[in-house]
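Asker: Have a look at the structure that comes next, please.
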Amino acid sequence: MKLVKTLADSVEPTGDSPTLRLFAVLEVIAAQDRLFSLQSLVEATGLPKPTLHRMLQQLEGAGLLQREGDGRHYSTGVRLRRLAETLLLNNTFHGARHRVLRALVDEIGESCNITALAGGEVVYLDRVETAAPLRFYLHPGSRVPVHVSASGKIFLSQMAPAQRTRLLAEVPLERCTDHSLTDPKALEAELKAVRKAGHATDREEFLPGLVCVAVPVPTLEKSGRSSLCVALQAPVMRVSLDKALGFLPALQRAAAALGRLEANAQEPVAPAPSRLGRRGAR
């Protein structure tokens, strides 16, 4: 199987191989969008069941995995999710992403965010505020419930139905304002519309008087699921929802620019020729 090869290739025959094996197992787990059992992981990796059982115990004890209520299935743990969030917040491409966001705000004149999904919440990885005196101040690192966020609706709409059901079963559909979608059927209908439109809105669902429009950042992932969104937020007293939707082309251009940054970051860098190699070429 392909996963067996991936796991084997990521483990060196010498050195700290137990640590690398644990890391390789985490890679396999992180690539899945569903709960997994010991047996399913055995089938995916080809590793012996006793070995995997010990590894899962270690990872669970470290908070990197957590066991579900049935005692047989596992999912990613809080510590692993926090690590992923920290990497997104502090990676070396933050400056380049921030420049794209700054240019977007300069163009449209409203506050904008770059967001990611963190469990049942949307976290702001970066934000640039408008210079206008009337604004909602939300700093990077702020979190918003997934069901009342325009970005959150995009992330939810990209999930497989089983994964979305599992997530929403653990996240109460809290009523933040009178406009919040708290009925599962109404939210599902909204997500269907989001999938069709390719963008999402927050119509005063998180904070009274605040509207938001979000678009996904294009990805090279085979699943087609974006891990980032770019969104604008504005007070409805200054920007109606229709006017906010008029900024979609600018948002999509910024999203495309961010997608190119992410794609370039994934390209392997060729090693520089060694001094020995240059001498040998003379």
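Each value in this text was obtained by applying a stated rule to the coordinates, not by laboratory testing. It should be emphasised that the depicted structure is a prediction, and the values quoted were computed from it without experimental measurement. Don't worry about glycine lacking a Cβ; one is built from the backbone with ideal geometry, like all the others, and counts go over all protein chains shown.
Asker: Dipole of region 82-266 (Lys/Arg Cβ +1, Asp/Glu Cβ -1, origin at the Cα centre): which of PRO184, HIS98, VAL236 lies farthest to the positive side?
Answerer: Going by the Cα projections, it comes out as HIS98.
Asker: If you don't mind, there's one more thing I want to ask. Per-residue HN-Hα couplings for region 105-111, Karplus 6.51 cos²θ - 1.76 cosθ + 1.60 at θ = phi - 60°, whole Hz, x for Gly and Pro?
Answerer: Calculated HN-Hα couplings, in order: 5, 4, 6, 9, x, 10, 5 Hz.
Asker: Ok, one more. About its Cα centre, what dipole magnitude does region 82-266 give when the only charges are +1 on Lys and Arg Cβ and -1 on Asp and Glu Cβ, stated in debye to the nearest 20? Don't jump to the answer; show the numbers that get you there.
Answerer: On the way: 22 positive and 19 negative charges, 91 e Å.
The calculation lands at about 440 debye.
Asker: Under a crude label model (7 Å from the Cα following the beta-carbon direction), how far is PHE23 from ALA132 in nanometres?
Answerer: Reported label-point gap for PHE23 and ALA132 is 4.7 nm.
Asker: Right, next: Please give the net charge around ALA132, taking every other residue with its beta carbon less than 11 angstrom from that of ALA132, where Lys and Arg add +1 and Asp and Glu add -1. Provide the component values of the computation, followed by the final result.
Answerer: Values: positive: ARG135, ARG238; negative: GLU110, GLU129.
That works out to 0.
Asker: Moving on. So if we plug the beta-carbon distance of THR51 and ARG238 into 1/(1 + (r/R0)^6) with R0 = 45 Å, what FRET efficiency do we get, rounded to 0.05?
Answerer: Numbers: r = 60 Å, r/R0 = 1.34.
Given R0 = 45 Å and the Cβ-Cβ separation, E is 0.15.
Asker: Once phi is turned into θ = phi - 60°, what whole-Hz ³J(HN,Hα) does the Karplus curve with 6.51, -1.76 and 1.60 give for every residue of region 141-157, x standing for Gly and Pro?
Answerer: Along region 141-157, the couplings run x, 4, 10, 10, x, 4, 7, 10, 10, 4, 4, x, 5, 5, 4, 5, 5 Hz.
Asker: Going by C-beta contacts inside 10 Å, put VAL78, VAL100, VAL171 in order with the fewest on the left. The partial results should precede the final answer.
Answerer: Working: VAL78 12, VAL100 22, VAL171 16.
In order of increasing Cβ crowding within 10 Å: VAL78, VAL171, VAL100.
Asker: Equivalent ellipsoid semi-axes for region 82-266, as square roots of 5 times the alpha carbon gyration tensor eigenvalues: give them largest first, rounded to whole Å. Numbers along the way, then the final one.
Answerer: On the way: eigenvalues 102, 87, 45 Å².
Semi-axes (√(5λ), whole Å): 23, 21, 15.
Asker: With respect to the cross-link table entries LYS185/LYS243; LYS49/LYS153; LYS49/LYS185, which display a Cα-Cα separation exceeding 31 Å? Spell out each step's value before the answer.
Answerer: Values: LYS185/LYS243 28 Å; LYS49/LYS153 38 Å; LYS49/LYS185 41 Å.
Checking Cα-Cα distances, LYS49/LYS153; LYS49/LYS185 exceed 31 Å.
Asker: While we're looking at this one, here's another question. If the chain between GLN66 and SER37 were fully stretched, how many nm would it gain, using 0.36 nm times the residue separation less the Cα-Cα distance? Don't skip to the end; give the middle numbers.
Answerer: Details: separation 29, 0.36 × 29 = 10.44 nm, distance 1.14 nm.
Stretched fully, the GLN66-SER37 segment lengthens by 9.3 nm.
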